[in-house]
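Enquirer: Can you keep this structure in mind? I'll have questions shortly.
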Number of protein chains: 4
Amino acid sequence: MTDKPKVAVVGYGTIGQRLADGVTLQEDMELVGIVDVAPTLALRALYESGMSYDLYLVDPLHKPEFNDLGIPVSGTFEELLEQVEVVLDATPAGIGAKNRELYEEHGVKAIFQGGEKSEVADVFFHGYANYEKGIGQNFLKLTSCNTTGLIRAVDAIDREVGVEKVAITIIRRVADPGDTHRGLVDLLKVDPVPNHQAVDLMNIMPHVDATGFLVHTPITHGHIISIVATPKKSIDKKTLLDVFRAHPRIRVVRIADGFNSNTSLFQYARFLGNKRADMYEIAVWEECIGSSGDDILFAINIPQEAVTIPETIDGVRACLSMQMDRLEAVGLTNKYLKMKAGR
Amino acid sequence: MTDKPKVAVVGYGTIGQRLADGVTLQEDMELVGIVDVAPTLALRALYESGMSYDLYLVDPLHKPEFNDLGIPVSGTFEELLEQVEVVLDATPAGIGAKNRELYEEHGVKAIFQGGEKSEVADVFFHGYANYEKGIGQNFLKLTSCNTTGLIRAVDAIDREVGVEKVAITIIRRVADPGDTHRGLVDLLKVDPVPNHQAVDLMNIMPHVDATGFLVHTPITHGHIISIVATPKKSIDKKTLLDVFRAHPRIRVVRIADGFNSNTSLFQYARFLGNKRADMYEIAVWEECIGSSGDDILFAINIPQEAVTIPETIDGVRACLSMQMDRLEAVGLTNKYLKMKAGR
Amino acid sequence: MTDKPKVAVVGYGTIGQRLADGVTLQEDMELVGIVDVAPTLALRALYESGMSYDLYLVDPLHKPEFNDLGIPVSGTFEELLEQVEVVLDATPAGIGAKNRELYEEHGVKAIFQGGEKSEVADVFFHGYANYEKGIGQNFLKLTSCNTTGLIRAVDAIDREVGVEKVAITIIRRVADPGDTHRGLVDLLKVDPVPNHQAVDLMNIMPHVDATGFLVHTPITHGHIISIVATPKKSIDKKTLLDVFRAHPRIRVVRIADGFNSNTSLFQYARFLGNKRADMYEIAVWEECIGSSGDDILFAINIPQEAVTIPETIDGVRACLSMQMDRLEAVGLTNKYLKMKAGR
Amino acid sequence: MTDKPKVAVVGYGTIGQRLADGVTLQEDMELVGIVDVAPTLALRALYESGMSYDLYLVDPLHKPEFNDLGIPVSGTFEELLEQVEVVLDATPAGIGAKNRELYEEHGVKAIFQGGEKSEVADVFFHGYANYEKGIGQNFLKLTSCNTTGLIRAVDAIDREVGVEKVAITIIRRVADPGDTHRGLVDLLKVDPVPNHQAVDLMNIMPHVDATGFLVHTPITHGHIISIVATPKKSIDKKTLLDVFRAHPRIRVVRIADGFNSNTSLFQYARFLGNKRADMYEIAVWEECIGSSGDDILFAINIPQEAVTIPETIDGVRACLSMQMDRLEAVGLTNKYLKMKAGR
């Protein structure tokens, strides 16, 4: 018998698969099972590769489909809710809000992803920037992938020299690999200013003024954000790089070494042998730092599929009051995910 | 007999075709002929559509190829140089520098495109920003497509309230339509900071501090630039829009009207019936203007194939001293190209 | 007063714009007006470029929007129907079926585009392959863009040597330029065999056996179809090329001349100065003809935006019994569209 | 001490990385080391992930670069050649021919990849189709990725019912993920008929007549080939599927299950946790099989990065005469790579 906190992952898609793996790596948590609806490619692959997680079904009417494929089913969504303390809800946007009622009914806490409306949660959460606000809360909502990575970088500078304001340009991947339900061809789609990421940043970091422009581009392997930040105290390039290198969730890379694109980081993760070529870290390009008067200009890479995993796990630590100290909490998440400074 | 200045276009590619048409529209200039090497698609189309320009050949050895196709040849490159006062050199990067010797030999002035090294010319030229510097000079070099459009916008603000500094993010189309010799697939390629466009802007507008980041994207129909500018005097959104609307080479558009991408402007030019779907104007999105403290954030669209045509024609006016006044000169170019304020 | 047949175009989108221009070029037809709903980019451009067509509105409630923009409105959809004999319905798929009732009510004939269900029409029509079937009919449905081009080529061979069967591979553009509501990124989406184009070909040419595979690709400037055809009598490459060259709606091109992609044909149409870079002709690549035993392999390019225009105009000739002879009818369409053999 | 055959992999790029892993999985072979030139991303990742292979350098002058990065170097290319019996040469096209001299000098056998000219080798090799020809030879050249996968499928049918002729349409990915030196944007580039894959197929299977058309498309995750095959005896769809399902290197998939694109197979490999999302198997879509008279039409997916690994390892078995029987040889390769029928 274990007295580790028991966790469920609901929705075994792009984010859910990665959350399941991430929680499993945390030596002080236990993943009890995952929940999904139908025999997706992700579940077929889970089965073909040895069924490392117990599967629970939203709708028992789908059980015969799984039986036909030989995929074992451990029970229903509600049966899983009886066994856990916290749910990581990685369902498609809008479903989380409906699930919340179920979680309340079963007395289970939940952490929602960035796609949900903010009303779904008590706290809009980022592990590094506002860990304290999440402590003991029942329902957290994570920042979206771009906002999570953006805040990592801005929070790091803010804690060093203070940040007065930021103006960001997001060059966004429009679809994940394999998506056939969305996409763009030979065009850059523009969104109105300000984008939600700037607004969300101000929600999490209310002392920073932010605005931003967003362009959707026909690529799949990671967003790039260009950031013009006005620091409260002047900061030179070397110090800025030191701040980034000291951050376990930021990787400083060089174009000269071959990191010449967003996809180069995806490829590097493939070469590392990371499962699914996942990368938790955002990257900063050493050669892409400039100054405009006292303002600094720099660019980050956001690996959209995996970047929110560490902060979501931080959320488990916060809502279950596993650690009361921000740095202790994120430090444990990092340790179990094998993330460390100096990359 | 005419006493209009006589002009030749050398290189009938992406830029050359458009220069030939643009010069032809100028009622106070005469296009004597165009120069190219081999029977490209552009020349085959010129022939199929009625041979509206006289063709001169760089190398007479290629003449039999043209004869076989029935394409008439009016003479050699050097024969054309004897008939003109100024050449618009739109040859591939690097050739212009070689051609300069020939121009000097024949006592012909020349205007080079942005791809050439700056050393090729006496003045780095932009019709709106530094017309006066080009007056009477023998060799001008135009700014590149991105820089030309960028300076149009920044110069307009600068003349209204002054600009202290700009930090730009260029989201660049990586190839023109039909290019098979370059391209990118599913990636955003990053360049070191600062990009040459920021450096070039400071060359033309030395009183403005500039830096910038550039990302190459797999699209063909126009670059987008996001600009964070620090004005010397505060300027509100309405005034900024008035400044842009008053500029004959800037078109203010709205996402709400359907201008939701770079390609929407290409499509609009197709719908207008513009030859080759050319658009001389840069566009500014009304909904993509924001403020970050006193800084302003806005975004422009650069139709890379045609955007430099007006400023190149301004260059003819300058180097031949056709007009001594900047606004008179650009005004005539605009009039003949049917560009006007309020779009 | 004129006694030319009076035509309306309903829906001024991708196809409708081109139909309006195509009908206008026919010296023996009169375009009375076009119909649309809201001030799209196409209508804004029509207005900015001089309002060459009279505009009628589906819903008078939208009239104030047009008034605000200064775009003149000539009346309502139903008012237009009172003035014409035939409607070219280029509305989004599904709307045509609803409009048919209106057409019946007003005693107007109609030609629908390929996106509509076949039930909408009395005859599934192709100008070259089954002109006779459309004569005097009230409601025709055109083949879709791919099928129209495919049948042009197969019908040409069939009339020369007979065709027993074809197996086609369609490499399909997934979106038109500027589309933001559909697209794919970095993937080839596959459809089940047989594709509808093979089935449609057998509908129009019931004596030919056909099957086919279709792949959606992330491009916008034209489909490519690879065709393996089994002729009834052996046909060599030279004869096949002669057949294609003799067809006014087929253009034989060479990779060696620069026609090395689908987009090269779009570019060529730009260079020709064709409005919107339209091309009515399909292209056949001279170097892409091969033989597999007695079977022939060849590839065609389908310019999806404009390819159906000639056959739709043939449809007007058929349903109004303007010509009773197939070759006389298509010949007049070709003459007015300036299409001729030998390209 | 081991008496397993000793193998080196020269060139640690896209193919070399996968060959190193594939050989390591073979329990009856020993990978002694890998060779490369400079600290590429692949070598940096090898180091960051624990340096599982010994690295030898082509040019000792580069050693200080590796020293600076802390990457251990085990010796020189020539020192490695002294320790092995066979080299898998995965260097860029053209280098292999130069390396061959070195291999001869050191008395080492070598297997070259498909990019090399055929003259580099004694035998043009495919594990399933002509294993016997490679036995005991010194220099083999593998078929390219498309040809390797194509022959797998055609050979399987040929051994069942005989194949008279094939006409193929290759829809080719134009770049690998991360490539910045090649690519296409918004176009389908066409190659002359016949493509080299059809010619190569006839080289390996001289009793089959083949032709083919190839289109380059702007995608990265796998080629798709559409095949029209004329069998010597009629074969129905069910039998064809049985043949494919019985083949350990062919995976039969269904669009209905979510395998709706080439990228869906890449994604599935990610979900399986395969290193770098590698997939050795070609896929056949169950819904994409059709018939055209007695001819069959079907489509296969070629995962270009990993597909040649099994056949290359078969080549080691052949050239070292490890197995004299084709099926015993490929069976061992499959067993160690965990490939099995029925997928």
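Enquirer: Rounded, prolate or oblate for the stretch C:204-343? Axes are the square roots of the Cα gyration tensor eigenvalues, ordered a ≥ b ≥ c, and the cut-off for rounded is a/c under 1.5.
Expert: Cα axes put the stretch C:204-343 in the oblate bin.
Enquirer: Whose Cβ in chain D comes nearest the axis that rotates D onto B, and by how many Å?
Expert: Taking Cβ atoms only, the nearest residue and its distance are D:G183, 2.
Enquirer: Next up: Through the Karplus equation 6.51 cos²θ - 1.76 cosθ + 1.60, θ set to phi - 60°, convert the phi angles of the stretch B:164-174 into ³J(HN,Hα) values in whole Hz; use x for Gly and Pro.
Expert: For the stretch B:164-174, the Karplus curve yields 8, 7, 9, 10, 10, 10, 9, 10, 9, 6, 8 Hz.
Enquirer: Let me ask something additional. Distances from C:R245 to the same residue in each other copy, label points 7 Å out along Cα→Cβ, in nm, shortest first?
Expert: Spacings between copies for this position, smallest first, are 5.2, 5.8, 6.9 nm.
Enquirer: Continuing with this model, one more query. Per-residue mean of other chain beta-carbon atoms within 10 angstrom of the beta-carbon, peptide B:39-48?
Expert: Mean partner shielding for this stretch: 5.
Enquirer: Applying the Karplus parametrisation 6.51 cos²θ - 1.76 cosθ + 1.60 with θ = phi - 60° to the phi angles of the stretch B:61-67, what ³J(HN,Hα) value in whole Hz is obtained for each residue in order, glycine and proline being reported as x?
Expert: 5, 7, 4, x, 4, 5, 4
Enquirer: Quick one: of C:K233/D:K165; C:K98/C:K189; A:K98/A:K133, which pairs are farther than 29 Å apart, Cα to Cα?
Expert: C:K98/C:K189
Enquirer: Please report, in debye to the nearest 20, how large the charge dipole of chain C is about its Cα centre when each Lys and Arg carries +1 at its beta carbon and each Asp and Glu carries -1 there.
Expert: 1060
Enquirer: Here's a follow-up. Any idea how far the Cα center of the stretch B:142-180 sits from the one of the stretch A:151-184, in Å?
Expert: 23
Enquirer: If you filter the stretch B:1-73 for trypsin sites (Lys or Arg not before Pro), then keep DSSP loop positions with at most 12 other Cβ within 10 Å, what is left?
Expert: Loop-located and lightly packed - none at all.
Enquirer: While we're here: Any aspartates and glutamates with Cα under 13 Å of the A:K63 Cα? List them, leaving off those in the same chain fewer than 8 positions away.
Expert: Once the sequence-local aspartates and glutamates are set aside, what remains near A:K63 is A:D36.
Enquirer: In straight Cα distance, which lysines are under 16 Å from D:K338, not counting same-chain residues fewer than 8 positions off?
Expert: D:K275
Enquirer: On to the next question. How high is the FRET efficiency from D:L69 to B:K237, r the C-beta distance, R0 51 Å, rounded to 0.05?
Expert: 0.50
Enquirer: I've got another one for you. Rounded, prolate or oblate: which fits the stretch A:124-204 when a ≥ b ≥ c are the square roots of the eigenvalues of the alpha-carbon gyration tensor, with rounded for a/c under 1.5 and prolate only if a/b beats b/c?
Expert: Because a/c hits 1.5 or more and a/b fails to exceed b/c, the stretch A:124-204 counts as oblate.
Enquirer: Farthest toward the dipole's positive end in the stretch B:143-262, which of B:L150, B:H247, B:N203, given Cβ charges of +1 (Lys, Arg) and -1 (Asp, Glu) about the Cα centre?
Expert: B:H247
Enquirer: Here's something else I'd like to know. From the helices alone, meaning DSSP H stretches of at least four residues, give me the mean residue ellipticity at 222 nm for the protein assembly as shown, per-run term -39500 (n - 2.57), in deg cm²/dmol to the nearest 500.
Expert: Rounded to the nearest 500, the figure is -10000 deg cm²/dmol.
Enquirer: Could you sort out which of B:K237/B:K335; B:K232/B:K335; B:K4/B:K109; C:K117/C:K232 sit more than 22 Å apart by Cα distance in this structure?
Expert: Over 22 Å Cα-Cα: B:K237/B:K335; B:K232/B:K335; C:K117/C:K232.
Enquirer: Moving on. Only bridges with both residues in chain A count here: give the DSSP antiparallel percent, nearest 5.
Expert: 35
Enquirer: Treat every Asp and Glu Cβ in the stretch C:110-232 as -1 and every Lys and Arg Cβ as +1, leave all other atoms uncharged, and give the resulting dipole magnitude about the Cα centre to the nearest 20 debye.
Expert: Dipole magnitude for the stretch C:110-232 comes out near 120 debye.
Enquirer: Determine the percent antiparallel among the DSSP beta bridges restricted to the protein assembly as shown, to the nearest 5.
Expert: Roughly 40 percent of the beta bridges in the protein assembly as shown run antiparallel, per DSSP.
Enquirer: Connecting C-alpha atoms closer than 10 Å in a GNM of chain A, tell me which of A:G96, A:G178, A:G13 has the biggest fluctuation.
Expert: Comparing A:G96, A:G178, A:G13 in the GNM, the peak value goes to A:G178.
Enquirer: The stretch D:1-68 to the stretch B:79-121: how many Å between their Cα centroids?
Expert: If we compute the Cα centre of each part, the gap is 52 Å.
Enquirer: Rounded to the nearest 5, what % of the DSSP beta bridges within the stretch A:224-343 are antiparallel ones?
Expert: 75
No lab work stands behind these numbers, since they all come straight from the coordinates. Not measured: the values here are computed from a predicted model. For neighbour counting, all protein chains shown are included, and Cβ atoms are generated from backbone atoms with ideal geometry for every residue, glycine included.
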